[in-house]
Structures are given as C-alpha cells and as structure tokens.
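Read the structure below first, then the notes.
A short reminder: the numbers here are calculations on the coordinates, not readings from a lab. Everything numeric here is computed off the predicted structure, so don't read it as measured data. Cβ: placed from backbone, ideal geometry, glycine included. Neighbour counts: every protein chain shown.
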Amino acid sequence: MMAATATLPPLLLLVLLLAAVPAPSHGWGVDGHLMVCQIAQARGRLSGAAAAAVKDLLPSYAGNNLSSLCSWADDVKFRYPWSSPLHYIDTPDGLCSYTYDRDCKDEDGVKGRCVAGAINNYTSQLLTYGRPSSSVPEYNLTQALLFLSHFVGDIHQPLHVGFTSDRGGNTIDVHWYTRKTVLHHVWDASIIQTAEDDFYGDGVADFIDTLTKNITGVWSEQVPSWEECGKNQTACPDIYASESITAACDWAYKGVDEDSTLQDAYFSSRLPVVNLRLAQGGVRLAATLNRIFG
C-alpha cells in the first residue's frame, strides 16, 4: 500500500491527504466536551444505578472515564457520514426562536435529523438497557451512550442552534484577537482556551474544578430547575435548544459583523455565558442518565 501511494501523481496525492483532514466540529471543542462529561460524573452527581450502567457500557480501555470518549462522535463523522446533521440545528435567520416541528430536520428536509431528534433517539435506545433481549442486541448501547453524551454537550453550545444562512456562525469570518477564525469556532473553543490561558494556567482541570464548585455554590439554587424535565419526559432537548438560540442572539451574534475583531470586551462579557452553558450541560447530562438508568 505504501509503494502504491508513492506512485500517485502529486496533485492526486495532495487531494487524498486533504480528504483525510478532519472536518470542523459542531458544538464544543474537545475541552468543552471533556468538561461537560467530567461535570456529569463529578461528586456523586450520577446515581448508583446510572454510574454502574455507564461503567458497564463504556469500552474496557476507557475504564470509568466517560469524558475520555466524549468527543468520539466528532471523531467518527467520516466513518458515519449520516451522523453529521445530528450535531446541530439550523433555525430561520433572525427569528431567535426554535420549535421542533419547524427546525429539526437535515438539509434535505428529513424530519427528526437534528441534535434534538438525536438526543430523543439515543435516549430511547438506552432505555432498553437491562431488558431481556435476543442473542442479537437491537442497539449498540455503547455507541448510544457516547452519542447521547456528546449531543447533550452540543445542544448547549449557543451557536450549535444558530441561523441557517451562516450555518451557526461557520461562515462569519472574524479575528479572535490577532488570529483569523470563524465565529462558530470562537464559541467552540477560543473562549474556553483563552480562559484556560488567562485564569487556569493553560489547564482544563482547574477550569472544571471552578465550575463544579459554582454548581454546588453560587448556582446551587438554580441546579434543580436545570435538572427538571417537563411532562415526565426522560430527555428534554427542546428546552436546551430554545435556550441556545436565545443565547446566540443575545450574546454570540450580537455586535458581530463580517471581519469583526473580537477582543477583551467580547471575551469578558461572553465567558460567563460559556461557563453557564458548560455547567448546565454537565448537570443535565447526569440528570438524563439518572432518569434513563434509574
């Protein structure tokens, strides 16, 4: 195989190499997903039954560390191209609202193919855990757990529920300080990375520790409302999607134009929003798993 590759024309070889480059992720970057999953597993937030089920479903090489695979769903987009539309929701431009029946569809108009539909689907699959089954399981529940954990994080990223024409900020070119990027990536990763650099010694562990302390401290009175899921539902992604498009309009898009330079004022005013959404994502992932396995 190596010898055959070496004989390819240079232009064709370049095309093949570029095809192997990962596509931009939708939702939080690697650190954001890691934070959501670690918050979900922190300080006894999972019930005993949920913790046992998670440990049982995780691959042996992951041990009991869900966060080590929380970005798996981004890593397998080329293997599972059908999964790409499941990472986000496109809403009508400028409307700043979300409804499932109108907005949860892919680019071909197939209903249910959005992150809210995916959360509902993988929740339903995981509800079969522990039930008697035939020798051939109906679902791959390990994959269902990894998809669900990732998508609960994704739906809390405000630009993950963004406008259709700019693909959630993916086509809005900006400068993050001196670095050229797109607005979506600012919310995926840049705000988190800048906070790590400025406040946490370039490390995610102290950042997670601060958020978990706030969850049991300054946010403690809000946490029960974060965990609630109306109408006896097991998962309630429509609530999270509605919050995200509101945050996108109020914070992510606000004051941003093509080629805007975003610096300290944008960072300091948006970081509290990012902190809140990461914390809510972790708390709600734990609450959802507790309802599934409880």
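For this structure, a couple of remarks:
- Filtering 173, 154, 108, 93 for residues that are of a type in the set (D, E, K, R), on the phi < 0 side of the Ramachandran plot and buried (at least 19 other Cβ atoms within 10 Å of the Cβ) leaves a single hit, 154.
- Residues considered: 188, 197. Of these, the only one that is exposed (fewer than 13 other Cβ atoms within 10 Å of the Cβ), in a helix (DSSP H, G or I), out of contact with any Pro (no Cβ under 7 Å at 6 or more places or on another chain) and not small (Gly, Ala, Ser) is 197.
For every residue, the table says whether it meets (1) closer than 26 Å to residue 31 by Cβ; (2) out of contact with any Ser or Thr (no Cβ under 9 Å at 6 or more places or on another chain); (3) loosely packed, with under 14 Cβ neighbours inside 10 Å; (4) touching a residue at least 24 places away in the same chain (Cβ under 8 Å).
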residue	(1), (2), (3), (4)
62	yes, no, no, no
66	yes, no, no, yes
71	yes, no, no, yes
81	yes, yes, yes, no
84	yes, yes, no, yes
100	no, yes, no, yes
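- Criterion applied to 96, 104 was being in contact with a strand residue (DSSP E or B) (Cβ under 8 Å, 6 or more places away or on another chain) and of a type outside the set (Phe, Trp, Tyr), and the one residue passing it is 104.
- Restricting the range 42-100 to residues that are of a type in the set (Phe, Trp, Tyr) and in contact with a helix residue (DSSP H, G or I) (Cβ under 8 Å, 6 or more places away or on another chain), the residue that is nearest to residue 161 (Cα to Cα): 88
- Residue 190 being hydroxyl-bearing (Ser, Thr, Tyr) and touching a His at 6+ places or on another chain (Cβ under 9 Å): no
- Against the test of being out of contact with any Leu (no Cβ under 7 Å at 6 or more places or on another chain), in a helix (DSSP H, G or I) and surrounded by fewer than 19 Cβ atoms within 10 Å (Cβ to Cβ), the options 241, 247, 205 yield a single qualifying residue, 205.
- Taking the range 29-67 as the range and being hydroxyl-bearing (Ser, Thr, Tyr) and either over 14 Å from the mean Cα position of the chain (by Cα) or outside any helix (DSSP H, G or I) (or both) as the test, the residues that pass are 47, 60, 61.
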